Amino acid sequence: MDFPAIMLLLSVGFIGGVWNAIAGGATLFTFPALMAAGLPPVVANATNFLGLLPSNAAALAAYREELRKAGPALIKLSLISGAGAATGSALLLVSNPETFLILVPFLLAAATLLFAFGDQMRSAFLHFAGPSHTSSLVFTVLFMASIYGGYFGAGLGIILLAIAQVIGHSDFHEANSIKNLLATNFTIISIVLFGVGGLIDWPAAFSMMSGSVFGGYLGGRWARLVNQRVLRTIVIGFGTILSVIYFWRTFIP
């Protein structure tokens, strides 16, 4: 990997770390950046998991007390989420790269929609499922969502947050701590499987990771100083444009 590509990934990793800490949705530009650096789509997707891991995991230390309150329920949630993530990552490992390339526009569009309408979807899910610690619907949704998370994952935080609230964690910070734990859990599982499967470009991953470490730290400090609604609008707009571009490149001769 040449020097310009390394600097691109360092810079994008830094921005992605800041963005994830403040508003979320960084995958919508870190994944295309990895492809712009020359990585094939499947490798770029797998590498992106490792590149953004620090920004996903950084919040756990700050949520120690909230995670302690969640108690033993975290074990069951982590096992279900981990099984789903392993399934999704295995699907990526055995899928045809050409098939994944065709799916990229749809995955980007799905991530953009999740990000744009996540609050409405979360409210609808909370209303439909109702508070329950044993609801098979909740655990089924968690498993299916984690399959998507292990395969691509952008925008999944909205669903994980809703699931945490449905099972009884109405306090936002407690629900957010569970969301971060589950996201980190399935990200690590996916990284292990992708690493064993030879899908991760390690120099690219560590270049992006180096940037995201500092970005995540500074983003956490800046989070209260910026207008998150404006940033979310930018992410949604960028995701929409990106989806259109990839649909055009994939399906228009």
Mean accessible surface per residue for the chain, computed with a 1.4 Å probe while every protein chain stays in place, in Å²: 47 Å²
16 Å cut-off, amide nitrogen to a point 7 angstrom out along ARG68 Cα→Cβ, residues in region 167-210: 174, 177-178
With labels modelled as points extended 7 Å from the Cα through the Cβ direction, what inter-label distance (nm, one decimal) is found for ILE234 paired with MET1? 2.4 nm
Could you tell me, in Å, what Rg and Dmax come out for the Cα atoms of region 1-108? 16.3, 47
Which residue, THR99, THR184, THR140, tops the fluctuation ranking in a GNM of the chain built on C-alpha contacts under 10 Å? THR99
Taking only the C-alpha atoms, wrap a convex hull around the chain and report its volume per residue in Å³ as a whole number. 120 Å³
Calculated Rg and Dmax of region 51-115 using C-alpha coordinates, Å: 16.1, 45
Dipole magnitude of the chain about its Cα centre (Cβ charges: Lys, Arg +1; Asp, Glu -1), debye to nearest 20: 420 debye
Name the helices (complete DSSP H segments) of the chain with a Cα length along the long axis of 18 Å or more and a Kyte-Doolittle mean of at least 0.0, or state none. 3-22, 73-94, 97-129, 136-151, 172-196, 202-222, 228-251
Using only helices, what value at 222 nm comes out for the chain when you add -39,500 (n - 2.57) per DSSP H run of length 4 or more and divide by the total residues, to the nearest 500 deg cm²/dmol? -27000 deg cm²/dmol
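The values are calculated or read from the model by the stated rules, or taken from the named source; none is laboratory data. Source: prediction; values computed, not measured. Note that we place each Cβ from the backbone using ideal geometry, even for glycine, and neighbour counts take in every protein chain shown. With ligands, DNA and RNA removed, areas are computed over all heavy atoms of the protein, side chains included. Shrake-Rupley method; radii C 1.70, N 1.55, O 1.52, S 1.80 Å.
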